[in-house]
Structures are given as C-alpha cells and as structure tokens.
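Enquirer: To start, I am sharing the structure in question, which I have written as structure tokens.
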Amino acid sequence: MNSWDEVRTAFQVARMGTVSGAAEVLGVHHATVIRHVDALEARLGVKLFQRHARGYTATEAGQDLLRVAQATDDQFHQLAGRIKGRGNEVSGDLVVTSLIDLSSRMVPVLVAFQKAYPDVVVRYLTGERLFRLEYGEAHVAIRAGTVPDQPDNVVQEFRHHRVALFATTDYIAEHGRPNGVKSFGDHRFVAHDADNSRAPFERWLRQNVPASSIKFRSSDTRAQREAILDGAGIGFLPAFEAQNHPELVEVHPEQEGWSGPLWLVTHVDLHRTTKVQTFLNFVKEAAKDWVE
C-alpha cells in the first residue's frame, strides 16, 4: 500500500455515502475523490463500492477497509491531538455498541453525553453479533454474560443485568399461572427464533419448555417484548423493563445463570484516549441511578 491519501478518501466515501460528501469533508475536488477510489480499487484488485444513483455503498471488502481505516483514523487524530497540545478535546465519532435490550437505558445516557460534548457525533450500534473493537467497529462495547476474553481488550465490570420470566395479568387470567417447570407444557411461551441462542436464559428455556409450547418466536427482542405485553405468552424480559409495566407478573423463581454482569469493553489502543475515558466516566456515573 503506497498511499494513505487513497485509503483516507475511500474511508470518507464509505462514511458519507457520496463522492460530493467525501470531497467536502476532505476539502478536495470531487474528481480527486473518484480518482483516488479508482486507483485504490485497481491496486487492491477488488471493488470497494457499489455505485448507484444515490451514491456509493461499501461492498464487503469496502466494509473491511472502513473498519481498519476507522481505527487508524481515530489513532491518528489522538496522536495529532497530543502532538499539537489538543489531547483534551472530546469530539468526532463516538461509537458505542450494546445489546438492544439495553437501548432504553443507553439512549438517554448517550443523548446527555452528546449534549454535554456537542462536538461529539454519537453512533449507537445494537445487535447480537460481537462488534470487533480491534477493527475499529466501536470505541466502547457493553456486553453481557461471561467475562469477555478477546485479546487486547480492557474489560471492566459495570452493572448487574437481571432477567426473569414474566407474563401479563390478562394472560394469567386466561391461562393461569404456571406451577413449576412440570406445568410448562400447559402454557404458551415467547422466545428467540434461534434454537442455538447464546443467552443462558434462552438455553434454559429450550431445555425446560416443550418446543410445541413456544408459540411466538422472533429474532428481535423488541418484538418478543411486545408479544409478551400483548399476552402472547410467558417470556424473558430484563427486570428493569418490567418495572415500567405494572401489568407484568414474574411467574417463576429466578434460576442460576439467568442473570449476570454487564461489562464495559474497550480496545487497549483507544482505552486511554480522552474521548473514551470521558465517556466511560460519564456512563458509570449515570448508571449509579439504574434500578436492577
């Protein structure tokens, strides 16, 4: 690779989605952007973007380049800040990832952080896959379950995440309340659509609830929550979510392994940067008011 300029240009095209947007960010003519992208694709021998009427969309190879370039760009800006005596700035993209179940708690924190630091652009990514910090996919990850063991990550215990089995009072009025595991076959359940879910409480459910009793399945935990609230059946919810719905009743004693710690995870290369440290301190302080 001979030219960082070409990589940086492609990174901005992927980030902005258009040649004109990238040109404006970089302060160059749009023809320069096109020339850099074409040269980089020729050098690598792959297409980095799909061209269409609305702009440019990164291919799988382009996404790989974007992740590496994002991490490199972050590290370069931190270095430049230290060299120029501007290392205390909190600005630019802040990428945070967590389980979607935590979004109702994390969004207010992220909004408050952005208001406190208006030069920050918050990007909040949710999903079941593990975003790879070593590729710059996120600055901070909030993960549940066993302690993360990916190399070169800094891991801090954060909060306790309690989940339990709930049903609505309407469901109980119609179907009764389960009387232990032996009665599960007489009830209706809401669960994840994947039989191989990594969540320990989902594995427990698959081991103790007959498949024929799982009447509503979805890969979207928000859809599962709405189904439980609409009376489709019994299902797992974070305890803090249930506190907002007085019609929900906890219907089974909590079992070992259902609940567990949340972890704050950062990559060692970015952990000590001012932006990441500022956010970590901010979210820890905000979480003191969370009810488990």
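The values are calculated or read from the model by the stated rules, or taken from the named source; none is laboratory data. Just so we're clear, the structure is a prediction, and the values are computed from it rather than from any experiment. Please note: Cβ atoms are built from the backbone with ideal geometry, for glycine as well, and neighbour counts cover all protein chains shown. Heads up: the accessible areas ignore ligands, DNA and RNA and are worked out on the full protein's heavy atoms, side chains in. Shrake-Rupley method; radii C 1.70, N 1.55, O 1.52, S 1.80 Å.
Enquirer: Under a Cβ-Cβ cut-off of 13 Å, what is the net charge of the residues other than residue 16 that fall near it, where Lys and Arg count +1 and Asp and Glu count -1?
Expert: Every neighbour counted, the sum reads +1.
Enquirer: Let me ask you something else. Highest GNM mean-square fluctuation, the chain, Cα pairs closer than 10 Å: which of 274, 59, 97?
Expert: Comparing 274, 59, 97 in a Gaussian network model of the chain, the most mobile one is 59.
Enquirer: Taking all pairs of distinct Cα atoms, average 1/r, flip it, and tell me the Kirkwood hydrodynamic radius of the stretch 163-252 in Å to one decimal place.
Expert: Working: mean 1/r = 0.0781 Å⁻¹.
12.8 Å is the Kirkwood radius here.
Enquirer: Out of the total accessible area of the chain (probe 1.4 Å, heavy atoms of protein only), what percent is carbon and sulfur?
Expert: Working: 7480 of 15290 Å².
Percent of accessible area from carbon and sulfur atoms in the chain: 49.
Enquirer: Using Cα springs under 10 Å in a Gaussian network model of the chain, which residue among 173, 53, 69 shows the largest mean-square fluctuation?
Expert: Taking springs between Cα atoms under 10 Å, the residue moving most is 53.
Enquirer: To continue, here is another question. Taking H as built 1.01 Å from N, whose amide H comes closer than 5 Å to the amide H of residue 234, not counting residues under 5 places away?
Expert: Long-range HN contacts for residue 234: 188, 189, 190.
Enquirer: OK, next. Just add up the charged neighbours of residue 109: K/R +1, D/E -1, any other residue whose Cβ is under 13 Å from the Cβ of residue 109.
Expert: Net of charged neighbours comes to +3.
Enquirer: Helix 103-116 versus the longest principal axis of the chain: what angle, 0 to 90°, nearest 10, using Cα atoms?
Expert: Relative to the chain, helix 103-116 is tipped by roughly 40 degrees.
Enquirer: What FRET efficiency comes out for the pair residue 196/residue 155, r = Cβ-Cβ distance, R0 = 35 Å, nearest 0.05?
Expert: The computed FRET efficiency comes out at 0.90.
Enquirer: Between residue 103 and residue 277, what is the label-point separation in nm under the 7 Å Cα-to-beta-carbon projection?
Expert: Label-label distance for residue 277 and residue 103, simple model: 3.3 nm.
Enquirer: Per 0.36 nm of contour for each residue apart, how much would the distance between residue 53 and residue 254 grow if the chain were fully extended, relative to their Cα-Cα spacing?
Expert: On the way: separation 201, 0.36 × 201 = 72.36 nm, distance 5.35 nm.
Contour length minus Cα-Cα distance gives 67.0 nm.
Enquirer: For the stretch 230-272, just the Cα set please: Rg and Dmax, both in angstrom.
Expert: 16.4, 47
Enquirer: Can you sort 284, 215 by 1.4 Å-probe accessible area, starting with the largest?
Expert: Greatest to least solvent exposure: 215, 284.
Enquirer: Still on this model: By how many nm would the segment from residue 135 to residue 18 grow when fully extended, if each residue of separation counts as 0.36 nm and the alpha-carbon distance is taken off?
Expert: Numbers: separation 117, 0.36 × 117 = 42.12 nm, distance 2.30 nm.
Extra length from residue 135 to residue 18 when fully extended: 39.8 nm.
Enquirer: Compute the FRET efficiency between residue 175 and residue 247 as 1/(1 + (r/R0)^6), taking r as their Cβ-Cβ distance and R0 = 22 Å, and round to the nearest 0.05.
Expert: Once rounded, the FRET efficiency stands at 0.90.
Enquirer: Related question: What accessible area per residue comes out for the chain, rounded to a whole number of Å², with a 1.4 Å probe?
Expert: Accessible area per residue: 52 Å².
Enquirer: Same structure again: What distance in nm separates the simple spin-label points at residue 43 and residue 30, each placed 7 Å from Cα in the Cβ direction?
Expert: The answer from the label model is 2.4 nm.
Enquirer: Now for a separate question. To the nearest 500 deg cm²/dmol, what mean residue ellipticity at 222 nm is calculated for the chain from DSSP H runs of n ≥ 4 alone, each contributing -39,500 (n - 2.57), summed and divided by the residues? Could you put the intermediate results ahead of the total?
Expert: Working: 11 runs with 121 residues, N = 292.
Computed mean residue ellipticity for the chain: -12500 deg cm²/dmol.
Enquirer: By how many degrees, 0 to 90 and rounded to 10, does the Cα axis of helix 60-83 deviate from the longest principal axis of the chain?
Expert: Rounded to the nearest ten degrees, it is 70.
Enquirer: Test of understanding: in a Gaussian network model of the chain with alpha carbons linked when under 10 Å, which of 126, 146, 278 would top the mean-square fluctuation ranking?
Expert: Between 126, 146, 278, it is 146 that shows the largest mean-square fluctuation.
Enquirer: Nearest-5 percent of antiparallel DSSP beta bridges in the stretch 164-292? Display every interim value, and only then the final one.
Expert: Numbers: 6 of 11 bridges.
Taking every DSSP beta bridge within the stretch 164-292, about 55 percent pair in antiparallel fashion.
Enquirer: Measure off 7 Å from each Cα along the Cα-to-Cβ vector at residue 285 and residue 121, then give the distance between these two points in nanometres to one decimal.
Expert: Result: 2.6 nm between the two label points.
Enquirer: For the chain, state the average projected area of the convex hull of the C-alpha atoms over all orientations, rounded to one decimal in nm².
Expert: Working: hull surface 73.8 nm².
That works out to 18.4 nm².
Enquirer: Would you please report the Å³ per residue occupied by the convex hull of the alpha carbon atoms in the stretch 1-75? List each step's numbers first, then the result.
Expert: On the way: hull volume 6.1 nm³, N = 75.
About 81 Å³ per residue, rounded to a whole number.
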